[in-house]
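In what follows, a structure is listed as structure tokens, so that the remarks can point back to it.
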Amino acid sequence: MNGKTKAKKTVFVVEDEPDILALIAINLKKSGYDVEEYSEAGSMLKTLEKRAPDLIILDLMLPDHDGLDVCKTLKKNDAYSEIPIIMVTAKTEEFDIVLGLELGADDYIPKPFSPRELVARVKAVLRRSKATQSHTSKQITVADMITIDTAKYEVRVQGKKIHLTSTEFMILKMLSEKPGWVYSREKILDLLWSDEKDVYDRTVDVHIKNLRDKLGPAGRLIKNVRGVGYKIEL
Ligand code: CA
């Protein structure tokens, strides 16, 4: 709630290049975040067993682990799956970005990046994950199959709880609030990354694909409107 004293958000940063690690840490601290710095994934994973951050910034090329594997491991584990992850990557190939998003990362930032851009991404992802956790309780039911509790950030398909990333959750919520409405990829990106326009259209397709997979039998409710975008059809 605004106005109340609230604890600083904690960000774990995993990056083996000391200059980049320092750059990220300094800028996030300046923006009011608590930052814990890790030069490899192993020690970060150890810390996770004791305390969880509000967000993880994860380099893909690490000396001890492949960042994609780390992302996959965390997203598969119920205890950590809801911690947003932003991947940092020198590989700008679409393939790695798409793979990372498929594994459940919430966003990515290609190197080199400006500190301003980084802080904007962190804010956007935290805003999204906060938006999904706070607010008054609201239940959205779609076709008697999907139940979305926007206060608890819970989605059930035919009564069974499923785990979505904050991005998938926001897309599903958006589509479910107005069944029949078609959202273009641009519109979906606009709502998710309000100030970030340089995100591939393809990333929306990947989030939608993951969302459909996780929704199982209810996944077919999300329809692709050829050449336009997506909608929920009852
Ligand atoms: Ca690296």
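The values are calculated or read from the model by the stated rules, or taken from the named source; none is laboratory data. Worth saying up front: this structure is predicted, and the values here are computed from it rather than measured. Ideal geometry is used to build each Cβ from the backbone, glycine not excepted, and the neighbour counts take in all protein chains shown. The area values use the complete protein model at the heavy-atom level, side chains included, leaving out ligands, DNA and RNA. Shrake-Rupley method; radii C 1.70, N 1.55, O 1.52, S 1.80 Å.
Would you confirm, using the coordinates I've provided, whether residue 26 is in a loop (DSSP other than H, G, I, E, B) and either more than 12 Å from the ligand (Cβ to nearest atom) or at pLDDT below 90 (or both)? If you could, list the steps in order and put the result at the bottom.
Values: in a loop (DSSP other than H, G, I, E, B): no; either more than 12 Å from the ligand (Cβ to nearest atom) or at pLDDT below 90 (or both): yes.
No, not satisfied.
So is residue 10 of a type in the set (S, T, N, Q), in contact with an Asp or Glu (Cβ under 9 Å, 6 or more places away or on another chain) and within 16 Å of the ligand (Cβ to nearest atom) or not? Walk me through how you get there before you give the answer.
Working: of a type in the set (S, T, N, Q): yes; in contact with an Asp or Glu (Cβ under 9 Å, 6 or more places away or on another chain): yes; within 16 Å of the ligand (Cβ to nearest atom): no.
It is false that residue 10 is of a type in the set (S, T, N, Q), in contact with an Asp or Glu (Cβ under 9 Å, 6 or more places away or on another chain) and within 16 Å of the ligand (Cβ to nearest atom).
Give the residues of the range 159-177 that are outside any helix (DSSP H, G or I) and modelled with pLDDT of 85 or more, sorted by residue number.
Initially, the range 159-177 is screened for residues outside any helix (DSSP H, G or I), giving 159-165.
Within the range 159-177, 159, 160, 161, 162, 163, 164 meet the criteria.
Mind listing whichever residues of the range 202-234 are of a type in the set (Val, Ile, Thr) and either surrounded by 21 or more Cβ atoms within 10 Å (Cβ to Cβ) or touching a helix residue (DSSP H, G or I) at 6+ places or on another chain (Cβ under 7 Å) (or both)? Steps first, answer last, please.
The first filter runs over the range 202-234 and keeps only residues of a type in the set (Val, Ile, Thr), leaving 203-204, 206, 208, 222, 225, 228, 232.
Hits for the range 202-234 are 203, 204, 206, 208, 222, 232.
In the range 77-98, is there at least one residue being of a type outside the set (S, T, N, Q), without any contact (Cβ under 8 Å) to a residue 12 or more places away in the chain, within 16 Å of the ligand (Cβ to nearest atom) and in the same structural domain as residue 35 (by TED's automatic domain parsing)?
Yes, some residue in the range 77-98 is of a type outside the set (S, T, N, Q), without any contact (Cβ under 8 Å) to a residue 12 or more places away in the chain, within 16 Å of the ligand (Cβ to nearest atom) and in the same structural domain as residue 35 (by TED's automatic domain parsing).
Could you please tell me which pairs satisfy a Cβ distance under 6 Å, a separation of 6+ or placement on different chains, a first residue in the range 152-172 that is within 9 Å of residue 129 (Cα to Cα) and in the same structural domain as residue 207 (by TED's automatic domain parsing), and a second residue that is crowded, with 19+ Cβ neighbours inside 10 Å and among the acidic types (Asp, Glu)?
Matching pairs, first to second residue: 165/106; 166/106; 167/106.
In this structure, does residue 74 turn out to be over 16 Å from residue 11 (Cα atoms), more than 14 Å from the ligand (Cβ to nearest atom) and more than 10 Å from the chain's Cα centre (by Cα)?
Numbers: over 16 Å from residue 11 (Cα atoms): no; more than 14 Å from the ligand (Cβ to nearest atom): yes; more than 10 Å from the chain's Cα centre (by Cα): yes.
No, not satisfied.
Being open to solvent by less than 10 Å² (accessible area, probe 1.4 Å) and more than 14 Å from the ligand (Cβ to nearest atom) is the filter; apply it to the range 54-70 and report the residue that is nearest to residue 21 (Cα to Cα). Let's see the steps before the verdict.
As a first pass, look at the range 54-70 and keep what is open to solvent by less than 10 Å² (accessible area, probe 1.4 Å): 55-60, 67, 70.
Then drop every residue that is not more than 14 Å from the ligand (Cβ to nearest atom), which leaves 55-56.
Numbers: 55: 15, 56: 13 Å.
Across the range 54-70, the extreme among qualifying residues is 56.
Take the conditions at pLDDT 90 or above, under 30 Å from residue 217 (Cα atoms) and basic (Lys, Arg) and apply them to residue 156. Does it pass? I'd like the intermediate steps shown before the answer.
Numbers: at pLDDT 90 or above: yes; under 30 Å from residue 217 (Cα atoms): yes; basic (Lys, Arg): yes.
In short, yes.
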